[in-house]
Structures are given as C-alpha cells and as structure tokens.
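Throughout, read-outs are computed from the coordinates displayed, never taken from laboratory work. Since this is a predicted model, take the numbers as computed values, not measurements. Note that each Cβ is placed from the backbone with ideal geometry, even for glycine, and that neighbours are counted across all protein chains shown.
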Amino acid sequence: MLGPKELQDLLEEASIKGWVPRLTPRHVVICHQGDSGGPLVCEEGGRWFQAGITSFGFGCGRRNRPGVFTAVASYEAWIREQVMGSEPGPAFPIQPQKPQSDPQELSEGNCTIALPECGKAPRPGAWPWEARVMVPGSRPCYGALVSESWVLAPASCFLDRSSSDGPPRDLDTWRVLLPSRPRAERVARLVPHENATWDDASDLALLQLGAPVNLSVPPRPVCLPYPEHYFLPGSRCRLARWGRGEPAPGPGALLEAELLGGWWCHCLYGRQGAAVPLPGDPPHALCPAYREEEEAGRCWNDSCWSFLCQEEGTWFLAGIRDFPSGCLRPRAFFPLQTHGPWISHVTRGAYLEDQLTWDWGPDGKETETQTCPPHTEYGACGLRPEDAPMGVLWPWLAEVHVAGARVCTGILLAPGWVLVATHCVLRPGSTTVPYIEVYLGRAGDSPLPQVYQVSRLVISIRLPRHLGLRPPLALLELSYRVEPSPSTLPICLHPAGVPPGASCWVLGWKDARDRVPVAAAVSILTPRICHCLYQGILPPGTLCVLYAEGQEDRCEMSSAPPLLCQTTEGSWVLVGMAVQGSRELFAAIGNEKAWISQTVGEAYFLPPSGSPHWPTGGSNLCPSELARASGSPHGVHFLLLLTLLIQS
C-alpha cells in the first residue's frame, strides 16, 4: 500500500498528466506486490463491501497496468453453498444505490486507456525530447527531456571529475533549448548522480527547469525503462546526440542499428570471467549491430552518443555513452535500466514506461547461466553461439575473390588481415599480385542476420621467408579495417598445435558456386601416424585428419578450406589450411606463429593450455603394415590399426 505522502504525489501526477480525472482524497489507490489473495474493499452509503480478491498486477500504480482482482459478486451462489449452516451466514445486502452503467454493457470501442505520452517522434532523428544545455564559456551539452520539469544529461558536462567541489552555483546564467520552444528555459536546480565523479556508467545529472513545460504540444519526453526492462535482440535502435561532441561524421543511415543479443554483447565487451546476465536481469552493456558499414577514413572520436531503442512505435532511452572504441563507432553502451529508481526518486514525474514488446523468443527463454570464452590481450575472438545453426554463423569465414576467376576460403585473423592458402591466391611461377576482393558477412547469397556485408580490397600479400620451398600460407592485408560484429569477428589462434580435448571441423562450402558454409567433423591424427602414412611426400609442418563416417564429401576442397577446433572453454581456433590436392592434409598454423605475430600485431593467440593431445615422444619407426599403406587414398584398410596405435 502507498503511504499518505506517496499517495498524494501519485494522485497529483496522475491528474497533471491526464491519466485520470482530478482525484479527491475520497479516492483510493491500491498497489499490490506479493499480496495475492488480499481483499479489495469499497465503501457505499457508510457500509464496506468486499468487492474483489487480489489476483495479479504489473508493478505498482503504472500507466496502462491496472491491478487485476477477482470479482466477488460473481461467486455469490458458490459462497452461499460452501458456508450453508454456518452462524451467522454470509451477508449479501442489497446495493444502496443503483450503478449508473453496467460494466458488462461497455463495448470495446468505448474503452480508453492512457496511451504512452513519451517516446513519440515524427521520424528518427527528429527527437522532440532533445535538450541543448547552454553554459557560458562551454560548448553546448546535449541531453534528453524526461518529464515536464527535468532534463537528463551527462554530469561530466557540468562537473570537474578531478575536483571534489560541489555542483556549480551559477545556475542563473544557464539555459536549456528545447525543440519547438521560442524561448530558452531557465535552470533552477542541478542534481548529479551520487557516483557521477568516479563511475562512467553513472555519468548522469538531472537539471530541473525553472518552470514546467506544456507537453500537450512538442517538446515531448523520451520514455525511460524500468530496471527489469528487457530490450529484445533485433530491436530497432539508433544513436542520438549526447553530451558535448561533434555531429555525426556522415549520413544519418550510419546511426541506424539493431540490438545484439546479450550473449554476443557481453562476450565481446563484458568483464572477464563474469556470467552473462539472464533476460530480465540488468545487462552489463547494450551493443548495436549497425545496419550499414561506415566508409574508410571516418573517425568518431569527437562524437558522443546515447542509444535509443524502439518498441511498438515508442522510443526508449536505453543506453548512455560508450566504452572506449578508438575511431570506430560506439560498440557498447552503459544500460540506463539501473538508474530508473534514482531518476524516479529525484523527478517524481519522469516517464518510466513498461515493456511494450514481450515476444522474447529463444534468447529470452534462456534459464541457465551462460559464460563466455576467455579473452586475449586484444579482446574477444572465436565467439560463436552454441545454438547457431551449423553453416550459418561463422563470423571469421571470408570469401576471397581472386581476379574475378576463382574464389578461395579465407579466415579473418585481425580487423585488417585475412589468412589464406598460398596456392589458392597465387599461381605457380607468377610474380604479380592479382586483383583480390574479400567479402565477410555472407552465407551463400544472403547476408547473415543482424549484420551487414563487408567488402575490402587486398593491398598486399605477405609470405613467410622459407628458403627453397614455396610457403603454404599467405596473409592478405585489407585496404582498411573492419568493425567487430557478428559477421566480422576474428578467430583465435593456438600457439601449440591442437588444443587438448578440442573438437575439430573442416569448414568450407559444399558447392563453390553457391558458397553456403558447411562443416565436416574430423579427428586429427598424431604426428607419428601422419608421418607413417605419408612417408617421403609429407611437407614439413603438416597435419593429417580422419573424417567422421559420412563426412568425407561434405566440403569441396578446391577453395582450400580451413581446419578449425573448438576448445573446452568454448573458443574457436584456427589450426590449419588445406594443402593443395589433398582432402586429408592441412598446413599447420602453429608452425608459423612467429611470422604471423610479427606481421599481424593483433593476431589473437590464446595462451598455451597444456601440451597437444598426441604424444610427442616414442619411436619414429613405422609398422610394416602401415608403411605399405602409405599414400593410399582409402583409409578404411588401416583404420583398425590406426585406432590401436592412437590408444597405445
């Protein structure tokens, strides 16, 4: 139940905003939280009636979320039957006064509710809540109108974060410019967040206007989320001006985004080792998946942004600021959900709105705590959700188009580098660098979900310095970097061959023309067995694989597909690239660690996790039966012997 002061504040707010007619002290507002089964009583003619029994509700005193009660009058006959013979019996007196209208006679067309009065914009970018705070001697600071009397903005615009002095006292000279308002508004009060001076996620301040503004015409406030608000993955979102900074360095389309799922966002930018928040719990970050790729040469360092997301045509202020991202567009935002109680307490009128979209889908049905693979010193790599359909979401898989004639498989190692098999991009004896284009974000003819297609030119080809032998691997330097996203995320590398306990796959295309990714399960043979099978013809540093039953023909091999493994921690690592003319042989990545690290400073090498799962010692002699099978294309003839050797 609300206390007298809270009740009076709620009644006054409801009357001002037009939710209900002007209320008098005789009206009663009931909030039920955890008291299901409690009575709803009403007074008529000096007598009290039990009208209802508490059933359920959403929060307390929220717009469009009235409490639901079981109507006691509908159960009169059942109640009388159950208590027959009791003394005294239940009293059902005649109603003192006849109701003016029967609720059952009301048609749906006569019902009205208080539609959200916040978050309505004529078009994206034309935000009626955009507030520009003018402080003498400083650049304008952009914030958002959150109620008739309050503007939310970054506290860093007004506070010296290196000083312990209190809020500035010269508010008389401050002004706030609002859309469609002919005159500037005065500032009466500044309320910084209690953690504003040391916590970037709490860099907030509320500015009280000198007089309330009329919201029946623009400007109008933005909606704010409650703490339990769950913004759905795929929601339509957009960047908006926030704080001090320059306008967008390009067309407005670059500000459009969709919301990434919580797993992706947290594992890309979350704290190391922390569990992924469940849907409905306050997230640690909100991440945009931009709908268009930015052009080369743009730098977003001087631009500050907030993050707006739309539900059922209503815009919510979902996130503020961004984590450091260099010149790239903001990659992650601090969620605003956790600050709802503070904003509501200070303003007593901010437009906190309920969740308007409830179809959470598979991501929202997650009930078990999830964890993320470990990060490297350069950040996340090798991320792929467990429930991603095989052959759809491989964010490091690249199409390498060589001189318009052939297409090779490539793997993104870093934001500006792709690794390929040398024989697929360079013809024997050729000394010229062909024209090469690299595409990411493709799954056959269609882009991957929630991402855009990326294309880059290759400006150089780097080869390791192997004397007297053409190296099997080549690094392609891209014309400019790609942004990290679900379609352009680098894979991890492992410095010691195959990680212990890993599951391995050959990733390629079933058909080189449609290029729909497929994966074939394989086992990697020990170096001893590999050497015995290919005596005299095995290039140094080569891995041999054995395909699982029925997997041999899943991938076509002319595009030189990669050999991948998933570690026990969940990270995907690149182990090898296919050797020309073979389905079972792959050039090992680990042997070229020094060259890759020297050429690509941001290559994601995981720390060593024990020794490879095969024994490194023992005799180099090959059993005669296995030696006679050397070079045979039919592994079936010696499969049993291989199994015995692996177990020995």
Could you check the simple spin-label distance between Gln50 and Gln551, using points 7 Å along Cα→Cβ, in nm with one decimal?
-> 6.6 nm
Could you tell me the convex hull volume per residue, in Å³, taken over the Cα atoms of region 147-301?
-> 171 Å³
To the nearest 20 debye, what is the magnitude of the charge dipole of region 528-583 about its Cα centre, counting +1 on the Cβ of each Lys and Arg and -1 on the Cβ of each Asp and Glu?
-> 200 debye
Amide H proximity to Glu353 below 5 Å, modelled H, separation 5+ or other chain, gives Leu224, Tyr226
Pairwise label distance in nanometres, Leu457 with Arg470, each label 7 Å out on the Cα-Cβ vector = 2.6 nm
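Full-extension gain between Glu312 and Thr357, please, as 0.36 nm times their residue separation minus the C-alpha to C-alpha distance.
Taking 0.36 nm per residue and subtracting the Cα distance, the gain is 15.5 nm.
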For the residue pair Glu569 and Ala594, what label-to-label distance in nm results when each label sits 7 Å from Cα along the Cα-to-beta-carbon direction?
-> 2.5 nm
Ranked on Cβ counts within 10 Å of their own Cβ, fewest leading, Trp417, Trp396, Trp198 go Trp198, Trp417, Trp396
Among Tyr269, Tyr439, Tyr351, what is the fewest-to-most ranking by other Cβ atoms within 10 Å?
-> Tyr439, Tyr269, Tyr351
Work out how much length Gln580 to Cys327 would gain on full extension: take 0.36 nm times their residue separation and subtract the Cα-Cα distance, in nm to one decimal.
-> 87.1 nm
³J(HN,Hα), Karplus 6.51/-1.76/1.60, whole Hz, each residue of region 126-137, x for Gly, Pro = 9, 8, x, 9, 5, 10, 10, 8, 9, 10, x, x
Neighbour-count ranking for Glu295, Glu148, Glu602 (other C-beta within 10 angstrom, fewest to most) reads Glu295, Glu602, Glu148
Given a Förster distance of 51 angstrom, what is the FRET efficiency for Arg183 paired with Leu278, based on the Cβ-Cβ distance and rounded to 0.05?
-> 0.60
Between Tyr480 and Arg406, take the C-beta separation as r, use R0 = 25 Å, and let me know the FRET efficiency to the nearest 0.05.
-> 0.55
FRET efficiency estimate (nearest 0.05) - Cβ-Cβ, Arg236 to Tyr378, R0 41 angstrom = 0.85
About the Cα centre, charge dipole magnitude for region 397-600 (Lys/Arg +1, Asp/Glu -1 at Cβ), debye = 500 debye
Enumerate the residues in region 556-576 having an amide nitrogen under 17 Å from the point lying 7 Å beyond the Cα of Ala521 toward its Cβ.
-> 564-568
